[in-house]
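Novice: Below: one structure in structure tokens.
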Amino acid sequence: MSSIVGIAGLIPTIEAIKISKSVAIANKESIVCGWKVLLKYIKKYKTKIIPIDSEHFSIMELSKNCDDDEIEEIIITASGGPFLNTPINKLQYVKPNQAIKHPNWSMGKKISIDSSNLMNKVFEIIEASKLFRFNVNKYRIIIHPQSYVHSIIRFKNGLIKMILHDADMSIPISNTIYGYKNKIENIKKINSNTLTKLSFFEVNKKRFPAIKLINKCLKSGPMAPNILNAANEELVNLFLEKKIKFTDIVKNLNRIFNHREFGKYANKNSKSIVDIYESDRWARLKTQAISVR
């Protein structure tokens, strides 16, 4: 299983692919930043990649034996994090200790920050576009505060399918590794009364402006996702160190995309590890330069 956080997980993932028949992957950065590099090794060593993030695990299960022309829409859910109901004009005053308190999931600091402003969903859409051979324009994000439904697929034949499970990563991990015949001890079961209280609603892009980065990233050069990831890692660290405001994370990501040198690095060949690390380094240095005065 590859689960190292960040771009640091790329090389270990490659090494795992070389020696394994299948690799369960929770390190989305390896896929977001180095998918073309990974593909070379996946094909060479005939290794199967199995996503274990709850959203991608659900998409994989729901879309088995399905072609792109059968699917109308693929929905990835987001809880909305700890600031779903915080007044928008108060978000600039959010503190790190508030942002890491996710209402449903117990996670590390970095992914908790990404969840609080929906940057994690930006990366999940990019990751899904690489893992699955479906038209990227079919993906959509909706807010689902309860975090029981992880992905929904709307088919052209009128059917809608979804997978529900508790906010416990042992469920997709266990089912990925052991299949449906495994038994998870002491697992929390969703009460039937809870199912009557599930809610879904559209993402407010004023509250979560990170969502706008999805199209911007996918329409830029092949190295744009890598630059986005590197810049975001730096900005999350700066926020945790209280050197920038919470709202500066997305603002400065946009500044990186609008930088005059962005195209030079975004359009590099993403099949080279050297180019991946070169664009990663540029993004980190430039992010530090524009963020810390």
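Novice: Taking interchain pairs and intrachain pairs at least six residues apart, which have beta carbon atoms under 7 angstrom, with the first residue in the stretch 88-107 and under 22 Å from residue 206 (Cβ atoms) and the second open to solvent by 70 Å² or more (accessible area, probe 1.4 Å) and not small (Gly, Ala, Ser)?
Specialist: Partner pairs satisfying both residue conditions: 88/206; 92/245.
Novice: Find all pairs meeting these conditions: Cβ atoms under 7 angstrom apart; at least six residues apart or on different chains; first residue within the stretch 138-165 and farther than 20 Å from residue 208 by Cβ; second residue part of a loop (DSSP other than H, G, I, E, B) and small (Gly, Ala, Ser).
Specialist: From residues that are farther than 20 Å from residue 208 by Cβ, the pairs are 153/63.
Novice: Return the residues of the stretch 204-222 that are open to solvent by less than 40 Å² (accessible area, probe 1.4 Å) and part of a helix (DSSP H, G or I); say none if nothing qualifies.
Specialist: Result: 210, 211, 213, 214, 217.
Novice: Consider only pairs whose beta carbons are under 9 Å apart and that are at least six residues apart or on different chains; among these, list those whose first residue lies in the stretch 178-199 and is closer than 21 Å to residue 1 by Cβ and whose second residue is in a loop (DSSP other than H, G, I, E, B) and modelled with pLDDT of 75 or more.
Specialist: Once the first residue is closer than 21 Å to residue 1 by Cβ and sits in the stretch 178-199, its partners that are in a loop (DSSP other than H, G, I, E, B) and modelled with pLDDT of 75 or more give 184/168; 187/165; 187/166; 187/168.
Novice: Looking at residue 25, is it open to solvent by less than 10 Å² (accessible area, probe 1.4 Å), at pLDDT below 90 and under 28 Å from residue 148 (Cβ atoms)?
Specialist: Working: open to solvent by less than 10 Å² (accessible area, probe 1.4 Å): yes; at pLDDT below 90: yes; under 28 Å from residue 148 (Cβ atoms): yes.
Answer is yes for this residue.
Novice: Shifting gears a bit: Determine whether residue 274 is open to solvent by 20 Å² or more (accessible area, probe 1.4 Å) and within 30 Å of residue 97 (Cβ to Cβ).
Specialist: Considered against the rule, which asks whether it is open to solvent by 20 Å² or more (accessible area, probe 1.4 Å) and within 30 Å of residue 97 (Cβ to Cβ), residue 274 comes out as no.
Novice: Across the stretch 30-50, what is the total count of residues that are crowded, with 24+ Cβ neighbours inside 10 Å, closer than 26 Å to residue 168 by Cα and out of contact with any Asp or Glu (no Cβ under 6 Å at 6 or more places or on another chain)?
Specialist: Of the residues in the stretch 30-50, 1 are crowded, with 24+ Cβ neighbours inside 10 Å, closer than 26 Å to residue 168 by Cα and out of contact with any Asp or Glu (no Cβ under 6 Å at 6 or more places or on another chain).
Novice: Still on this structure: Restricting the stretch 150-160 to residues that are hydrophobic (A, V, I, L, M, F, W, C) and surrounded by fewer than 20 Cβ atoms within 10 Å (Cβ to Cβ), which is nearest to residue 66 (Cα to Cα)?
Specialist: Selected residue: 155.
Novice: Another question, if that's okay. Which residues, taken from the stretch 166-177, are in contact (Cβ under 8 Å) with a residue 40 or more places away in the chain and either of a type in the set (S, T, N, Q) or closer than 28 Å to residue 232 by Cβ (or both)?
Specialist: 167, 169, 171, 172, 173, 175, 176
Novice: Exactly one condition in (1) over 15 Å from residue 60 (Cα atoms); (2) open to solvent by 20 Å² or more (accessible area, probe 1.4 Å); (3) at pLDDT 95 or above is false for residue 168; which is it?
Specialist: (3)
Novice: Hey, does the stretch 63-80 have a residue that's over 27 Å from residue 198 (Cα atoms), touching an Asp or Glu at 6+ places or on another chain (Cβ under 9 Å) and touching a residue at least 40 places away in the same chain (Cβ under 8 Å)?
Specialist: No, the stretch 63-80 contains no residue that is over 27 Å from residue 198 (Cα atoms), touching an Asp or Glu at 6+ places or on another chain (Cβ under 9 Å) and touching a residue at least 40 places away in the same chain (Cβ under 8 Å).
Novice: Sticking with this structure for a sec: Does residue 147 count as open to solvent by less than 20 Å² (accessible area, probe 1.4 Å) and in contact with an Asp or Glu (Cβ under 6 Å, 6 or more places away or on another chain)?
Specialist: So residue 147 fails the test.
Novice: Name the residue, out of 155, 208, that is at negative phi, among the aromatic types (Phe, Trp, Tyr), at pLDDT 95 or above and touching a Leu at 6+ places or on another chain (Cβ under 6 Å).
Specialist: 208
The values are calculated or read from the model by the stated rules, or taken from the named source; none is laboratory data. Small disclaimer: the values here were computed from a predicted structure and weren't measured. Cβ sites come from the backbone with ideal geometry, for glycine too, and all protein chains shown count toward neighbours. Please note that ligands, DNA and RNA were not included when accessible areas were found on the heavy atoms of the full protein model with its side chains. Shrake-Rupley method; radii C 1.70, N 1.55, O 1.52, S 1.80 Å.
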